[in-house]
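Inspection log for the structure reproduced underneath, given as structure tokens.
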């Protein structure tokens, strides 16, 4: 679509958008606030006057839109609105940070500087930097949380206006959004923004699935609205009788959460039983707020039977983001499960605006809020600069989406920790030293190991010992970023000492074998022993896992290069039989897959995490040691790979698949009819060139579940086979799974 708007119309539109920004701000603006915002707006208009967005629109539309999200949806005040209007000025125009500081003061300059640093990171083309970019961005949380909040608003607007971008950029930006920005929005209490980011992320990473679910949601909207009216009608009389002032709204589940549920529960769209929720928002004052919530709960459960397992009480104990709400799942009209959320208008504001509303409602005496505590805990995660950047981001993410449980200290204080946390995680949450020396825990008075998983309501006392120290097995069961970071740092320190000792031992042993200890020898030996780095070599020398015989063999092969060459040729001629089979399987008809825009034929291996077959939508990933690995576009690891290593992603597509057989895995279930297995194997055998590799079916009280692996030629053949299997009497569900 061509953009054709006159300059006069553009200027009118810019003025209209600016007025719209001021009209709906969450905070009250004074005359001085408006004057300063106007000054920032004028500067931004002038600075960006020659720039256009990819759509052809004036660039200034973007900063205004970001400022509007910051003001309306996140609820921040004047300082943040000004910073949002100016967020691209230093990056893209002739204005400097000093100019900003002179005009608007040190705080706004600091926030703009933080945003500029993040923006520069995203535009760097240099290789392995993407995870490092995320790390640096997360470090800005230490300076001022508003930097991240404005960055989330910036990302939201970019996601909303991404249609004009080329496909590969859409995929990269959407993957980054799902990987880091949506979890951040979630953790900062911006639930509406999180939901929109997730849905938009899915729109560009899995467009067909997004459109399919979206159309089903639209088709069922009228029916859902009717259902909500019927549900509300039943409880309205009781709520009115008790004198409540309230609103009842229906809330469809997000497309992304429906998709996630379909994957986790392995169900179709129609099989999801609670696709929508009903929210009751009531007016109340601070004295009666909690009492009113439970009163409404009792009214709802008088009319509809609750599911006792699905009660979530975040009113008695709010989440650390400040989120408060009462969630119950009840059996609604016509036997349908409905989630009912009960919250006051204050709680609702905090749920929608997060950070800003949380602070608006705080008293001066409540300085140590849950959100403050969380931001302080982040510093633990951000403290270890030696951590590998990808590990760092993964560790950080552990704390973003984690559900919380609440446990008691021996004195009866309540502490929030992530769901599935171990006693050791709890020990580290008290103090690093307590974690380092932890050797067990008394949980509800009984002695338990440090790996014991805690449950909500447990009372926990940590048992320590002065001789205890961390070991690598601890990393298998801790889930908090704080514990992982501390354990890794301690192990690293210990490993350094072992490696330093190993370096000296190696130098001594090489001297006795008449070899000079230098960088070349170290590199040769590292390669000979198939190790990754010289540190690995020194460490293994230090812990005694490299034997003298290995060093002698290295010296012997080095002194006879010809023999070594001969040996290698022999080795090359007779590789491991399984490796040969795998290589043949992948490379027999090597031109079936082409890479990049030039459609080159390159060597590749199939990724075992998703087992792609011809006809699947795929991409290539350039690994460090194993060449190109081929992944399905909806591979469980795709988002992480595209977010962290976009520069190593190669476009790929199948062009022919007539000769080769590929392995796929199917999950089947249904009612256990007599002769069903015979019918199943007959159907598969009748399909041309489909071979059953394995079949495993188990029945239980008339219901069966099964897994099978098949050899097929391509995706089209597989889809036809699945269709045939579904027609068998008793088969309820057939779907392809990633692994057996």
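The values are calculated or read from the model by the stated rules, or taken from the named source; none is laboratory data. Worth saying up front: this structure is predicted, and the values here are computed from it rather than measured. Here Cβ is always computed from backbone atoms with ideal geometry, including for glycine, and neighbour counts include all displayed protein chains.
The table that follows gives values for the structure above.
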| item | result |
| --- | --- |
| Pair list, Cβ < 6 Å and 6+ apart or interchain, from region 270-294 residues that are within 15 Å of residue 251 (Cβ to Cβ) to residues that are at pLDDT below 80 and in a strand (DSSP E or B) | 276/252; 277/251; 279/251 |
| Selected residue (only one of 153, 182 is buried (at least 23 other Cβ atoms within 10 Å of the Cβ), touching a helix residue (DSSP H, G or I) at 6+ places or on another chain (Cβ under 9 Å), within 21 Å of residue 633 (Cα to Cα) and not assigned by TED's automatic domain parsing to the domain that holds residue 596) | 182 |
| Strands (runs of 3 or more DSSP E) (entirely within region 574-677) containing at least 3 residues that are at pLDDT 80 or above | 618-622, 628-632, 649-654, 662-671 |
| Of residues in region 21-44 being modelled with pLDDT of 90 or more and under 36 Å from the mean Cα position of the chain (by Cα), the one farthest from residue 63 (Cα to Cα) | 37 |
| Complete set of residues in region 14-25 that are surrounded by fewer than 20 Cβ atoms within 10 Å (Cβ to Cβ) and in contact (Cβ under 8 Å) with a residue 12 or more places away in the chain | 14, 17, 20, 22, 24 |
| Residue that is farthest from the chain's Cα centre (by Cα) [pool: residues in region 160-178 that are farther than 16 Å from residue 619 by Cβ and surrounded by fewer than 22 Cβ atoms within 10 Å (Cβ to Cβ)] | 164 |
| Tally of residues being over 22 Å from residue 637 (Cα atoms) and in a loop (DSSP other than H, G, I, E, B) across region 192-221 | 1 |
| Verdict on residue 740 being at pLDDT below 85, within 31 Å of the chain's Cα centre (by Cα) and not in a helix (DSSP H, G or I) | yes |
| Condition broken by residue 189, with the remaining ones in (1) closer than 15 Å to residue 323 by Cα; (2) part of a helix (DSSP H, G or I) satisfied | (2) |
| Residue 140 vs. criteria at pLDDT below 85 and either outside the structural domain of residue 115 (by TED's automatic domain parsing) or surrounded by 14 or more Cβ atoms within 10 Å (Cβ to Cβ) (or both) | yes |
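Residue-wise test of (1) surrounded by 21 or more Cβ atoms within 10 Å (Cβ to Cβ); (2) within 22 Å of residue 161 (Cα to Cα); (3) out of contact with any strand residue (DSSP E or B) (no Cβ under 6 Å at 6 or more places or on another chain).
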residue	(1), (2), (3)
11	no, yes, yes
30	no, no, yes
33	no, no, yes
41	yes, yes, yes
51	no, yes, yes
56	no, yes, yes
86	yes, yes, yes
110	no, no, yes
113	no, no, yes
